[in-house]
Amino acid sequence: MTVGAWEAFLLVLHRELCLSFRRPEQLFQPLVFFLIVTTLFPLGLSLQLSALRDIAPGVLWVAALLSSLLSLDSLFKSDADDGTLEQLALSGQGLTLIVVAKTGAHWLVTGLALVIVSPIVAIALGIPTSAFAIMMLSLALGTLTLSWLGAIGAGLTIGLRRGNVLLSLIVLPLATPLLIFGAAATDRAISGTSTAGAMYFLAALCVFTCTLAPWAATAALRITLE
Amino acid sequence: MNFASDGLEFEKVHVWRGDRHVLQGISAHVRPRELLHISGANGTGKTTLLRVVSGLLRPEQGSVTWLGQSITSSRTEYQAALAYASHEPALKSDLTAIENLRFAVGLKRRVTPKDLLAALDRTGVAACAELPARVLSAGQRRRVSLARVLAMRASIWLLDEPHANLDAAGSELVSELLQAHVQEGGLALVVAHRDLALSCPVRRLELNS
Amino acid sequence: MWTWFYKLASPPYVYGVAAALRLWLFGAAALAMGYGLIAGLAIAPPDYQQGEAFRMIYVHVPGAILSLTVYTVMAAASAVALIWRIKVGHAVAAASAPIGASFALLALVTGSLWGKPMWGTYWAWDPRLTSELILLFLYVGVMSLRSAFEDPLRGDRAAALLAVVGVVNVPIVHFSVVWWNSLHQGATIVRIGAPKMPGSMLWPLLSMWLGFMLFFGAVLCMRLQAEVLNRERQASWVREAIKS
Amino acid sequence: MTNEFWSMGGYARYVWPCYGIAGAVLAWNLWAAGRYLAAAKLRAARALAMASSEAR
């Protein structure tokens, strides 16, 4: 009769995806934000496409971090507001499992979506197609790591007014290594030099964060749920 | 050794909220087939007490035990036996009533849509099963949340103001459900302002500041 | 067996110890800093490369080291508070944060003042300065998170968790910034704190560092007294404590 | 000698502000901690006075 962990994980994942697709505008907003921010940079700098290429990795990565941060605020908040988070916390399934499922779903609908639209932005910024594979892979690793860092931040700021500003304040400093390695990998892919170093670091960061952050995010939720 | 180890017990529970000493050493013991009616004026910590008993809130002093074991050490088992209905109906407004039930109850036990429909039928909202929760009235939402408690088939019910937003027939329904639950060997803690009007044994806990 | 641990961490005991230690620490800090100042400014010979400008080392480096030490103290106290549910740990963490943030700010400002004559600009994206800046952001994050909660208990615990997460991140941030910097700039930056520093330059530095440590201890004691009081307003010992 | 000392080999405009800021940060720490402690004591005293007047 009892429900296994895997089954419960899939159920929460299903729930999250269901909820996201019922509100398609919330799905598209971060993506549109991503597109708009990356358009603003060339307009503000009025550069040629060739010169744009030099700043492209930085622009791409800053925009990606900001737009996936944008949707993190609601990761636990909407469930906390209507009381369903309490139901999930008392479901008899470990809270960590629920946190993993929710954060995973968040990454699928924001991070992965961002990776998929990134070639459009890349073309606009003059990134050569030869760099797309590394750029998309690095963005996938980076957004996944950020989703996890953000889950800790979102857990800590649940009940707070103006929690979204605080969330950025907390998460962005922690995300600097991501920006550094991610932009470096993209930069090197554009110039055709070896990306292995940056990519290994990025992967290491991702693995490290994905192992430890679930516990930290669970602890954060327990603190703010009280 | 401890012959009081059946049922749910909380002892000398203290909770502070900032400077406010909300719960000042509250104790009670509820056995199966018993119902504890928690009452008190606003702000006396009724909901806080229920959250402590549910395990959501860890008291600064005192303990909550179930079957003689601390609920923090047997968290999974305890939660599996628990149905908690907070003051809010805890429904996602974008999901239908039956989806809401499925995602909440489905984590506790394997359920079929038939089980869930039966629960919704029992609380009189079977007709709303396929409607998104956002279009339901406050009373209908309350009934859906009662159906969730019912569908969990839990032995411990923790209900916070189950009568809120309900009409006379709805209040009647709450009483019937509670009575049936207690008679089947369950136990319940109910926060309510009004009298519960039950024929089964009711113990009272009056909180005051 | 843990009773001594809890006795050590009991609020009245901590309050008493902090009150008693405070003056001694201030005195010792003044002595150490006094010697460091005189020896550093007047006695130590000028550096052969940087001339007199190197004298800024005597406040910049202790400030920078302290900002890291204080963060470590804060995170350790937070971890103790979270794991063993010891309230005094939160008090230590809350007391450390503003002091550490002020030292981080000091290290940044003096670093950029030192940068102007050495690099020709107030701000270069030097890895040490950059990670110091991120450290300051971490401090600000922890402090704002603590104050954002209306319930001080939850604020304490949330800030404690963030401090622990942050301390794991500090070395990663520093490492990544160093790596990033090596991509963009050669080793044009003058390295400070080279190992072969003559004793006449080194002793004042060590003395200043000790002075800063003692000063941190003293201010920590004062703030700790306040934090303990704020957390224990109902307790009976408070009546005795605030009379004196 | 004194002039030479104060001019810091031409770096006076960097060295002295540097020490000035260090002094200011240390002074701020002292002042802020003192104020904070005084405020905490005052609040505790008020809370105690209120508690004892309620008890009467």
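No value in this document is a laboratory result; all are computed from the given coordinates. Predicted model, so just to flag it, every value in this text is computed and none were measured. Methodologically, a virtual Cβ is constructed for each residue, glycine included, from the backbone with ideal geometry; neighbour enumeration extends over all protein chains shown.
Structure notes:
- Rounded to whole Hz, the Karplus (6.51, -1.76, 1.60) HN-Hα couplings of segment A:144-150, x for glycine and proline: 5, 4, 5, 4, 6, 4, x
- Candidates B:G106, B:G18, B:G186, ranked by Gaussian network fluctuation over chain B, Cα under 10 Å, top entry: B:G18
- Whole-Hz ³J(HN,Hα) from phi, Karplus 6.51 cos²θ - 1.76 cosθ + 1.60, for segment A:115-132, glycine and proline x: 4, 5, 7, 4, x, 4, 4, 4, 5, 5, 8, x, 7, x, 5, 5, 8, 4
- Divide the volume of the convex hull around the Cα atoms of the protein assembly as shown by the residue count and you get 194 Å³ per residue.
- Chain A: most fluctuating residue of A:G192, A:G58, A:G126 per GNM, C-alpha cutoff 10 Å: A:G192
- Sorted peptide list for C:112-125, C:57-70, criterion being average Cβ within 10 angstrom, highest first: C:57-70, C:112-125
- Interchain or long-range residues, amide H under 5 Å from C:A44's placed H: none
- Exposed-loop-free span, longest in chain B, where GluC sites (Glu not before Pro) count as exposed if DSSP calls them loop and at most 15 other C-beta atoms lie within 10 Å: B:61-129
- Angle in degrees between helix C:152-184 and the longest Cα principal axis of chain C, rounded to the nearest 10: 10
- Average beta-carbon neighbours from other chains, 10 Å sphere, peptide A:217-226: 5
- If you run the Gaussian network model on chain A, springs between alpha carbon atoms under 10 Å, then out of A:Q48, A:Q26, A:Q93 the most flexible one is A:Q48.
- Approximate shape of segment A:80-179 as ellipsoid semi-axes (Cα gyration tensor, √5λ), whole Å, largest first: 31, 16, 11
- Here each label is just a point 7 Å from Cα along the line to Cβ, and for D:S53 and D:A12 those points are 5.9 nm apart.
- Segments A:174-185, C:21-32, C:136-147, C:165-176 sorted - mean Cβ within 10 Å per residue, highest first: A:174-185, C:136-147, C:165-176, C:21-32
- Rough spin-label spacing in nm, given labels placed 7 Å along Cα→Cβ, for D:L42 and C:A19: 1.9
- The protein assembly as shown - share of DSSP beta bridges that are antiparallel (%, nearest 5): 45
- Checked against a 22 Å cut-off, the cross-linked pairs C:K87/D:K41; B:K46/B:K92; C:K7/C:K87; A:K102/B:K92; A:K77/B:K92 give Cα-Cα distances beyond that limit for B:K46/B:K92.
- Degrees between helix C:199-231 axis and first principal axis of chain C (Cα, 0 to 90, nearest 10): 30
- Inter-site label distance for A:F28 and B:Q69 at 7 Å from Cα along Cβ, in nm: 5.1
- Segment B:1-124: Cα Rg divided by the 2.2 N^0.38 Å rule of thumb: 1.23
- Panel order for B:S73, A:S67, by other beta carbons found within 10 Å of each beta carbon, from fewest to most: B:S73, A:S67.
- For the residues of C:161-174, the average number of beta carbons from a partner chain within 10 Å of their own beta carbon is 5.
- Exposure proxy order (Cβ contacts within 10 Å, fewest to most) of B:D121, A:D79, A:D73: B:D121, A:D73, A:D79
- Gap separating the Cα centres of segment B:1-73 and segment C:38-99, nearest whole Å: 45
- Rounded tilt (10° steps) of C:87-119 against the dominant C-alpha axis of chain C: 10
- Span from the segment B:160-209 Cα centroid across to the segment C:134-169 one, whole angstrom: 42
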